[in-house]
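Any read-out appearing in this document is the output of simple, stated calculations on the displayed coordinates, not a laboratory observation. Computed from a prediction, not measured in an experiment: that's the story for all the values here. Every residue, glycine among them, receives a Cβ derived from its backbone with ideal geometry; neighbour counts consider all protein chains shown.
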Amino acid sequence: MVLPVAHRRRLRELWRSAGWPCRDAVEVDLLAAGLLERRFDAEHRETLHLTDAGIQALAATLAKNRAAFDAHEALVARVAEQMRRAGRIVWCGLSLRAALVEAGADLAAEAGASPGARAKVRWVMAMPDVYSIRHTTVEAYTEPAVHEIKVRRADLLADLKRPDKGAAYRALSSQCWYVLGSGVGNEDDVPPEYGVLIANGAGLELARPAPRRPVTPDFAVWMALARATALAPSEEEAPQAPLAPPAPPAPPAPPEAAALLDGAHVQPRAHPRASPGAGPGAGPGAGPRAQSGAAPGQARGSGSSRSR
């Protein structure tokens with residue numbers, strides 16, 4: 001049984017609430033379908049509760065919504081990565097405020113109306129799925145773009161019935177795109193003010209280019225971008241990745257150094273200028289002079305002095 005949106009929403013509301021009835025036609029349908037049941041307490045107060053069949057219907061709705069959300073997020077990440085690879089700075093999940101001028105304001109301005117009559121501006125909050133700008137140092141060259149992702153046809157048709165949402169997107173961007181999942185629609189379903197990309201297994205197919213308009217982000221948009229976090233490059237594309245193969249591992253440390261690291265005592269070596277009689281038993285202070293008594297003018301390794 002396929003439930004309408006209002007009935008699915010009512011099931012979710014009753015599941016989260018104490019179950020006080022509204023006594024409308026939606027609850028009548030749910031009671032007749034066996035998805036709800038009536039209960040009375042000791043004071044004969046009526047509440048509505050989900051039956052086992054109602055819980056199953058609610059679980060099926062949640063599973064469908066979760067699958068659609070996962071597909072939507074996957075396509076959002078796919079579009080954002082493609083924009084980043086194209087050299088643009090990308091943000092996802094922004095909340096931007098757009099100024100919409102009411103119809104007739106431009107005509108009033110041309111007719112010479114007062115400034116108060118001309119300033120008919122409405123502020124609308126817009127939350128584009130993907131927002132990107134060019135990586136440039138010139139503000140006029142930023143060319144902001146909005147990509148709206150749709151993986152269900154019902155969401156696309158509901159969006160097209162909200163003119164303020166589309167007007168806000170166009171006010172914030174020089175290019176506005178609809179990215180449609182496979183089977184959601186085509187370019188004939190989208191007004192000509194938008195470009196259309198079709199997602200398929202190989203990538204994004206251009207169905208219609210987006211018209212370009214000269215739009216520059218205002219101060220409020222720049223502040224929102226500064227507070228947000230742009231999409232970072234992947235580790236495989238690090239700008240300072242080494243080009244040479246990794247260096248071979250260092251040779252193992254000698255036993256004496258390993259013993260020092262372990263905290264063990266190592267017998268010090270004899271000084272290279274020690275006399276032949278200085279054996280391993282000589283103490284640490286038995287240097288060349290201490291053991292042989294040789295004067296500074298004596299030759300190394302011999303008992304004769306340099307009298308020549």
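For region 67-72, in order, what is each residue's ³J(HN,Hα) by Karplus, 6.51 cos²θ - 1.76 cosθ + 1.60 with θ = phi - 60°, in whole Hz (x at glycine and Pro)?
5, 5, 5, 5, 5, 5
Given axes a ≥ b ≥ c from the Cα gyration tensor, I'd like to know whether region 122-229 is rounded (a/c under 1.5), prolate (a/b larger than b/c) or oblate.
Numbers: a/c = 1.92, a/b = 1.53, b/c = 1.26.
Verdict is prolate for region 122-229.
Can you list the residues, at least 5 places off or on another chain, whose amide H is less than 5 Å from the amide H of Thr51, using H built in the peptide plane?
Here Leu36, Glu37 satisfy the definition.
Find the eigenvalues of the gyration tensor of the Cα atoms of region 192-237, then list the square roots of 5 times those eigenvalues as equivalent ellipsoid semi-axes, largest first, in whole angstrom. All intermediate terms of the calculation are to be shown ahead of the outcome.
On the way: eigenvalues 139, 99, 11 Å².
With the √(5λ) rule applied to region 192-237, the semi-axes are 26, 22, 8 Å.
Could you sort 140-147, 88-95 so that the peptide with the highest average Cβ count within 10 Å comes first and the rest follow in order? Before the final figure, lay out each step's value.
Values: 140-147: 19.9, 88-95: 17.5.
Peptide ranking by packing, descending: 140-147, 88-95.
Give, in nm to one decimal, the length gained when the segment between Ala99 and Val138 is fully stretched (0.36 nm per residue of separation minus the Cα-Cα distance). Mind dumping the intermediate values first?
Numbers: separation 39, 0.36 × 39 = 14.04 nm, distance 2.31 nm.
That pair, Ala99 and Val138, stretches by 11.7 nm at full extension.
Give me the percent of Cα-Cα pairs in region 1-112 that sit more than 21 Å apart, rounded to a whole number. Intermediate values should be presented prior to the final figure.
Values: 3811 of 6216 pairs.
Roughly 61 percent, once rounded to a whole number.
Of the listed peptides 49-55, 17-23, 179-185, what is their order by residue-averaged count of other C-beta atoms within 10 Å, with the highest listed first? Don't skip to the answer; put the middle values down first.
On the way: 49-55: 15.4, 17-23: 11.4, 179-185: 18.6.
My ranking of the peptides, most packed first, is 179-185, 49-55, 17-23.
In whole Hz, what ³J(HN,Hα) sequence does region 169-184 give by Karplus (6.51, -1.76, 1.60; θ = phi - 60°), x for Gly and Pro?
In residue order, the calculated couplings are 4, 5, 6, 9, 9, 8, 9, 10, 10, 10, 9, 9, x, 5, x, 6 Hz.
Give me a comma-separated list of calculated 3J(HN,Hα) values for region 137-153, in order, Karplus coefficients 6.51, -1.76, 1.60 applied at θ = phi - 60°, integers in Hz, x for any Gly or Pro.
For region 137-153, the Karplus curve yields 9, 10, 4, 6, 9, 5, 6, x, 10, 10, 10, 9, 9, 9, 10, 10, 5 Hz.
Place the peptides 163-169, 37-43, 199-205 in order of packing, highest mean first, counting for every residue the other Cβ atoms within 10 Å and averaging per peptide. Could you put the intermediate results ahead of the total?
On the way: 163-169: 18.6, 37-43: 9.3, 199-205: 11.4.
Result, highest mean first: 163-169, 199-205, 37-43.
Please compute, for the alpha-carbon atoms of region 1-67, the extent along each of the three principal axes and give them in descending order in Å.
43, 20, 17
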